[in-house]
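Worksheet: the structure to be examined is printed underneath.
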Amino acid sequence: MAENDELNIFTDDLLNQLHDKAKNKVDYWDIRAGVSNGNTIEFSDEKSKEITSYLLTGCSIRTFIDGGWGFNVLKKLSKKHLLDEFVKTIKMAKFSSSLCKFKYPIKERNALTQNFKVNSKRNLEDVDLSEKIEMVKEHESIASNYSKLIKNTRTIYLDSQVDLLFLDTFGSKVKQELEILRLFSSVYAQNKGIIQNGTNSVGGVGGFEVMNTEKALSLSKKSSEQAINLLNAKSPIGGSFSVILDSKLTGVFIHEALGHACEADLVLNKESILTEKIGEKIAIEDVSVVDDPRFGQGEKFNLPYELFGSYFIDEEGTPAQKTIIIKNGILQSFIHSLETASRMNVAPNGHGRANSNSSKPQVRMGFTYLEPKDWDLEEMIADTKNGILCEDFQYGYTDPTTGNFQFKCRISTNIENGEKKENLRDVSFGGMTLDVLNKISAIGNENTFNYSDGICGKGGQGIRVCDGGPYIRIDNLTVGGLN
Amino acid sequence: MENDVDIYQLATHGFNNLNKFESTLKCAELFFGVSEYLNIEIEENSIKNIEKGSDEGVSIRAIGRNGSLGFSFTNRLNNQSIDLMVENSIKMMRSGTKDSEFIDIPQPIDSYPKVKDLYDENVQSLTIDDSIDYVTELIRICDEDEMAISQSANFAASTSKNIILNTNGVKVEGEETICSVSSHIIVKDKLKDRTSNGFEYQSERFLKNINPTLVINTALNKAKQNLNRIKIKSMRSPIILTPRGVISLILKPIASAINAEAFQYKRTFLVDKRNEKIGSDLITIEDNGLINGAVGSANFDAEGVPCQNTKIIDNGVFLNQGLLHNSYTAGKEGVESTGNASRQSYSSTPSIGISNFILSPGKIGKNELIEDIKEGILLDYTGDRPNLSTGDFSGLILHGNIIENGEIGPALNETMIGINLLELFKKIEHVSSEYKTYGSYQAPYLQVNDIQIIGSHN
């Protein structure tokens, strides 16, 4: 990339100067710098709404002295500015340290020196803008022509090429070249005064091949199908039901209701229901949960690219790794940043993530999922007397302090005496995490396992994540309704 | 604010360059944004992180003679990058399709509103040392409270400057400041081993209006009020919505539903309802961008159109002119823009956003409302949002309490409410005289009768 010359300021000479300035003054520091460029293409009703091209440079400095942090986002990248601001950021950590109550050292680790480039089959720079636009137009055309009841379509394509540099106290120097793509499709259908919406997205780390898989190619058709099916769906009746969750909703449950409570910053802040629960049985024995954001998992799902939530290192230079959160119902470990791992005296496990160079790392998930077991989906449905099969989700949230969670599904189906009946819309269900982890009455097999990707928000930052699992059934779940 | 870049020189350079494309270019706009912020963060009731940052950048919106929009942005403010952005915006514009609904970007006008108190010099000169005073009070109160066990909180202050120039001759420059304080507090009843939390925040234009003591005490009260939780049976009952409840259940959905873009695409439940009575006589809502010192106020919007006061709902009637427009949606409908173009920063094209969105207060005291309820629900917060196309709402009451014989009782566990918003609007019986402002929203307490509550107690 021609535009990344700005990163060339980080010469050995500059690095030596930084190490000199930090020596004996600061316990830990890191610098993240990056150059990114990309396109956004938005169409609605087969017309272009906006076609965007951007070029951004970002750099931030983080310093740490005995429990206190300083963080400084720079508006430009030059040697002099960087050195001046580096000194200011050390002062910020010093001030922060003088006021903080919790004193601790950052765990030392080996310097990591590596150049990493994601394996793209078709690099974005080799793909002409017109090809991207044609792809978006095709999706718009599929959606618009799906049915006469489709009244409004929207397709958004986003891509970015990112060159990143990570430096730290220990002498780490990691260069990364990534390409990240996402496609979003939203379709509105209308009939007899009823408006319904279908929304889907697909994302991946890799080249333009991300857009050429069956998963991506069928995206707008899937949104159209959803919107049309929902036109005839009924509002649910509230009450207590056996609820079967599809892999997407299982993933959301594992991410929202359990995963957030495993974030060690919330644990330290006494905001998590799982504080002091390591080693305890918190779920039925069949429940095993992991977070594995490592690259190399696309193949499992027959995808020629890396999963959207995957990464090489987190934003603190810790390599992505597999973490077992729950094994056979017993809580094994939390997910950590450098800070929480240092405070809780465990090894950092690669979850200090930030959404850009201008945001500071927080404890965040990567690819969190529930391990499959042995139920067939058909078997699970046939075994359910009075229940609801819930598929796809609109949104969900959890109060990690109490474990009270709530999810809204997109499309659901009534189950009566083991048989699927009419479609329902806007089914929402809620419960208490620790209660529900013990009310799971069936966990699907490998064939029912899948994952989905999206953007997770916390502390004002949206981060790319994946979650997943098999279909599961939960008994006696509270379902909300209008009637 | 240190400013070593001559923005007007860059703008001239950009427009000279854009002029070369006159044959295909209908109009263009340069939007410059410069900002700085400071943030002091508390975790585990201790100062943990001191953060500062700055950003500056420019975007170019180029619109072709066929109405096609090309957009480019960068944070590299120099002539060379401007050249690249001009080139890119033209390339993007030429790749787009015809849009016959595009009319024009804004025209210059003679005089803009003169809203007062949008900029506080004290924010600009604020040092890290001075900022600490705003959080020490938060830490002290949490430390001294017997039930409080932890707190996440922050104090933030920022300044920003926007400069908008377009080929029609619009040339505006505005500066504003925002400061805010938030407290998320965890309390524990050690005897009963119960934990709960409460959240409160305040944002203001002026530092002197920031009141950390009030913020943390409100968060603390909410946390305590939320501590003793019970499950209830399903029932139909009156509910009292707190200002925060009104914002999430009524104001935010209405603000989204009267966004002219969503409206024109017929995506909202208020489509076909203009000039109709959609709710109780007691609801009057306006979007007023001209209130001195208010967080949502400005002299001009993100395209340089003057801000104004737009009446949305008058005594329950959804007014014909009650939509919020930017220049694009206004052009499409053949009306004037309401000055509601909104941008997160230079990196986005103008969408539509509220200024100060206000539900007018009523006459009755909120305590009187609560005192008159035999059996009901106080609803402060639900993380849910309604289905905007249907207006259907069903959600979990995250922070809410039972009201019994005129008194606020235990908090609710696993309790949900379900209703269509239009039905909710009609069932509003009382509006309180007390109101609260959260950022760009202002709301009173409301009493709504005969609402379906779904409990999980068998």
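Based on a Kirkwood Rh over C-alpha pairs, give the Stokes-Einstein translational diffusion coefficient of chain B at 37 °C and viscosity 0.692 mPa s in µm²/s. Diffusion coefficient, whole number: 136 µm²/s. Peptide B:72-84 has a mean shielding of 3, counted as Cβ atoms of other protein chains within 10 Å of each residue's Cβ. Take the convex hull of the alpha carbons in the range B:53-138; its mean projected area over all directions comes to 10.4 nm². Taking the Cα centre of the protein assembly as shown as origin and assigning +1 to Lys and Arg Cβ atoms and -1 to Asp and Glu Cβ atoms, the resulting dipole is close to 640 debye.
What list of whole percents do you get for P(r) of the protein assembly as shown, with Cα-Cα distances grouped in 10 Å bins up to the one holding the largest distance? The percentages, shortest bin first, are 2, 11, 20, 26, 24, 13, 3, 0.
By the count of other C-beta atoms within 10 Å, a proxy for reagent exposure, A:Cys262, B:Cys27, A:Cys100 are ordered fewest to most as B:Cys27, A:Cys100, A:Cys262. Here the ratio of the Cα radius of gyration of the range A:201-297 to 2.2 N^0.38 Å is 1.51.
For chain B, the longest principal axis of the alpha carbon atoms and the long axis of helix B:128-144 meet at an angle near 20°.
Entry note, chain B: the mean residue ellipticity at 222 nm calculated from DSSP H runs of n ≥ 4, each adding -39500 (n - 2.57), is -6000 deg cm²/dmol after division by the residues and rounding to the nearest 500.
The residue among B:Gln151, B:Pro386, B:Gln308 whose Cα reaches farthest toward the positive pole of the charge dipole of chain B, with charges on the beta-carbon of Lys, Arg, Asp and Glu, is B:Pro386.
A convex hull fitted around the alpha carbon atoms of the range B:216-343 yields 164 Å³ per residue. For B:His399, B:His184, A:His19, A:His336, the sequence from fewest to most other C-beta atoms within 10 Å is A:His19, B:His184, B:His399, A:His336.
For the range A:239-480, a crude dipole built from +1 on the beta carbon of Lys and Arg and -1 on the beta carbon of Asp and Glu, taken about the Cα centre, is about 520 debye to the nearest 20.
The percentage of C-alpha pairs in the range B:228-458 whose separation is greater than 21 Å is 56%.
Arrange the peptides A:241-252, B:421-432 so that the one whose residues have, on average, the most other Cβ atoms within 10 Å appears first.
Ranking, from highest mean packing down: A:241-252, B:421-432.
A cysteine counts as unpartnered when no other cysteine's C-beta lies under 4.7 Å of its own; in chain A this applies to A:Cys59, A:Cys100, A:Cys262, A:Cys456, A:Cys466. Extension gain, B:Asp272-B:Asp143: 0.36 nm per intervening residue step, less the Cα-Cα distance, totals 41.0 nm.
Counting only other chains, what is the mean number of Cβ atoms within 10 angstrom of the Cβ of each residue in peptide B:49-61?
6
Trypsin sites (Lys or Arg not before Pro), restricted to the range B:86-153: which are DSSP loop and have at most 16 other Cβ atoms within 10 Å? Passing both the DSSP loop test and the Cβ count: B:Lys98, B:Lys114, B:Lys116. Kirkwood-type hydrodynamic radius, the range B:34-80: 14.2 Å, calculated from all non-identical alpha-carbon pairs.
Within the range A:10-61, the ratio Rg/Rh, alpha carbon atoms throughout and Rh by Kirkwood, equals 1.36. The alpha carbons of the range A:1-95 occupy a box of 61, 29, 16 Å along the principal axes, longest dimension given first. Taking 27 Å as the limit for the C-alpha separation, the pairs A:Lys408/B:Lys231; A:Lys248/A:Lys322; A:Lys270/B:Lys374; A:Lys49/A:Lys117; B:Lys52/B:Lys224; A:Lys458/B:Lys366 exceed it in the case of A:Lys270/B:Lys374; A:Lys49/A:Lys117; B:Lys52/B:Lys224; A:Lys458/B:Lys366. The Cα-based radius of gyration and maximum Cα-Cα distance (Dmax) for the range B:359-458 are 13.8, 41 Å. Between the C-alpha center of the range A:131-147 and that of the range B:104-164 there is a gap of 45 Å.
Along the axis of the charge dipole computed for the range A:239-480 (Cβ charges of +1 for Lys and Arg, -1 for Asp and Glu, origin at the Cα centre), the listed residues A:Leu274, A:Asn450, A:Leu303 are led at the positive end by A:Leu274.
Place a label point 7 angstrom from the Cα of A:Ser141 along the Cα-to-Cβ direction, then list the residues of the range B:94-114 whose backbone nitrogen is under 15 Å away. The answer is B:97, whose backbone nitrogens lie closer than 15 Å to the label point. Taking the square roots of 5 times each eigenvalue of the Cα gyration tensor of the range B:77-117, largest first, gives ellipsoid semi-axes of 30, 21, 8 Å. The simple Förster model, with R0 at 51 Å and r as the Cβ-Cβ distance, assigns A:Asp84 and A:Asp435 a FRET efficiency of 0.40.
At a Förster radius of 51 Å, what calculated FRET efficiency corresponds to the Cβ-Cβ distance of A:Met344 and B:Glu333, to the nearest 0.05?
The computed FRET efficiency comes out at 0.30.
Inter-chain Cβ neighbour count for A:229-242, averaged per residue, equals 2 (cutoff 10 Å, partner chain atoms only).
Each Cα pair of the range B:106-169 feeds into the Kirkwood radius, which the Stokes-Einstein equation turns, at 4 °C and 1.567 mPa s, into a diffusion coefficient of 80 µm²/s.
Using every pair of separate Cα atoms, the Kirkwood estimate puts the hydrodynamic radius of the range B:81-190 at 19.4 angstrom. Please state the Cα pair-distance histogram of the range B:1-155 with 5 angstrom bins from zero: what percent is in each bin? Histogram of Cα-Cα distances, whole percents per bin: 2, 8, 13, 12, 11, 11, 10, 9, 8, 7, 5, 3, 1, 0, 0. In a Debye calculation with equal point scatterers on the alpha-carbon sites of chain A and no solvent, what is log10 I(q)/I(0) at q = 0.09, 0.10, 0.13 Å⁻¹? Those come out to -0.67, -0.82, -1.26, one per q. Taken along its three principal axes, the alpha carbon spread of the range B:313-356 comes to 39, 24, 10 Å, from the longest extent down to the shortest.
Taking 0.692 mPa s as the viscosity and 37 °C as the temperature, the Stokes-Einstein diffusion coefficient of the range A:239-480 based on its alpha-carbon Kirkwood radius rounds to 183 µm²/s. A Förster radius of 22 Å, combined with the Cβ-Cβ distance separating B:Asn217 from B:Tyr438, puts the computed FRET efficiency at roughly 0.85.
Over the residues of the range A:316-401, compute the C-alpha Rg and express it relative to 2.2 N^0.38 Å.
Values: Rg = 17.9 Å, N = 86, 2.2 N^0.38 = 12.0 Å.
The range A:316-401 yields a ratio of 1.50.
The magnitude of the dipole of the range A:359-482, with charges of +1 and -1 set on the Cβ of Lys/Arg and Asp/Glu and taken from the Cα centre, is near 700 debye. Across every pair of non-identical alpha carbons in the range A:2-231, the mean reciprocal distance, once inverted, gives a Kirkwood radius of 20.7 Å.
Where a number appears in this text, it was derived from the coordinates with a stated rule and is not lab data. Note that the coordinates shown come from a computational prediction; the quantities given were computed from them, not determined experimentally. Cβ coordinates were reconstructed from backbone atoms using ideal geometry, including for glycine residues, and neighbour counts include every protein chain displayed.
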